[in-house]
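To keep things clear, I will list the structure first and then write my remarks on it.
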Amino acid sequence: MKILNKLAVYSVCIATMVSSAFASAPKGWETDLDAALEIAKKEKKAIMLEFTGSDWCPPCIMMGKKVFSKEEFYNEASKNYVLVHLDFPKADEELKMKNQPHMEKFKVEGFPTVVLLDSDGKEFARFIASKYPEIKPFLEHLALSLENKDLD
């Protein structure tokens, strides 16, 4: 019986570590939109909001692994954007509730959705992130979106 109890404890610990690994934001990304808006104004940058279900959404998990977690992506994208990771993991109800108002405000209906904002928080573009599953095309789309915004 003691062995079963120990196995149960170890299983819970491992599951918690795995779900926490998925639920964490990529290195360098903000998780607070208000803080990101302050940074964007100060640094004269746009904002890229990534709405994701990091521990249950297959396209979100793929984008996290292939694009968003890569240093090459972060280094290039963060030149013009403050990157914001808004996660809705099944394993963290508190985080989902914290981010829910943003999902409602921006009327996000599916994952992974990217919403681009100017430094005042005004939306200028949105797209499904998994449409660009590689770093180079994703970065090209971000650059084009910013150029088109500036034409308005």
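The values are calculated or read from the model by the stated rules, or taken from the named source; none is laboratory data. Computed from a prediction, not measured in an experiment: that's the story for all the values here. Cβ sites come from the backbone with ideal geometry, for glycine too, and all protein chains shown count toward neighbours.
Listed values, structure above:
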item: Test result for Glu123, over 21 Å from Gly28 (Cα atoms), acidic (Asp, Glu) and either in contact (Cβ under 8 Å) with a residue 12 or more places away in the chain or crowded, with 17+ Cβ neighbours inside 10 Å (or both); result: yes
item: Single condition Asn75 does not satisfy, out of (1) surrounded by 14 or more Cβ atoms within 10 Å (Cβ to Cβ); (2) under 23 Å from Glu38 (Cα atoms); result: (1)
item: Test: residue in the range 100-111 that is within 26 Å of Lys149 (Cα to Cα) and within 11 Å of the chain's Cα centre (by Cα); result: yes
item: Odd one out for Leu142 among (1) modelled with pLDDT of 95 or more; (2) loosely packed, with under 12 Cβ neighbours inside 10 Å; (3) of a type in the set (A, V, I, L, M, F, W, C); result: (2)
item: In the range 31-59, the residues that are of a type in the set (Val, Ile, Thr) and either exposed (fewer than 14 other Cβ atoms within 10 Å of the Cβ) or not in a helix (DSSP H, G or I) (or both); result: Thr31, Ile47, Thr52
item: Tyr74 being in contact with a Gly (Cβ under 9 Å, 6 or more places away or on another chain) and over 18 Å from Pro59 (Cβ atoms); result: yes
item: Residue within the range 85-96 that is within 20 Å of Gly28 (Cα to Cα) and either surrounded by fewer than 19 Cβ atoms within 10 Å (Cβ to Cβ) or more than 12 Å from the chain's Cα centre (by Cα) (or both) present; result: yes
item: Unique residue being closer than 20 Å to Lys27 by Cα and loosely packed, with under 15 Cβ neighbours inside 10 Å when the list is Lys105, Lys65; result: Lys65
item: Among the residues listed as Lys44, Lys65, the single one being of a type outside the set (S, T, N, Q) and either more than 19 Å from Leu139 (Cα to Cα) or touching a residue at least 60 places away in the same chain (Cβ under 8 Å) (or both); result: Lys44
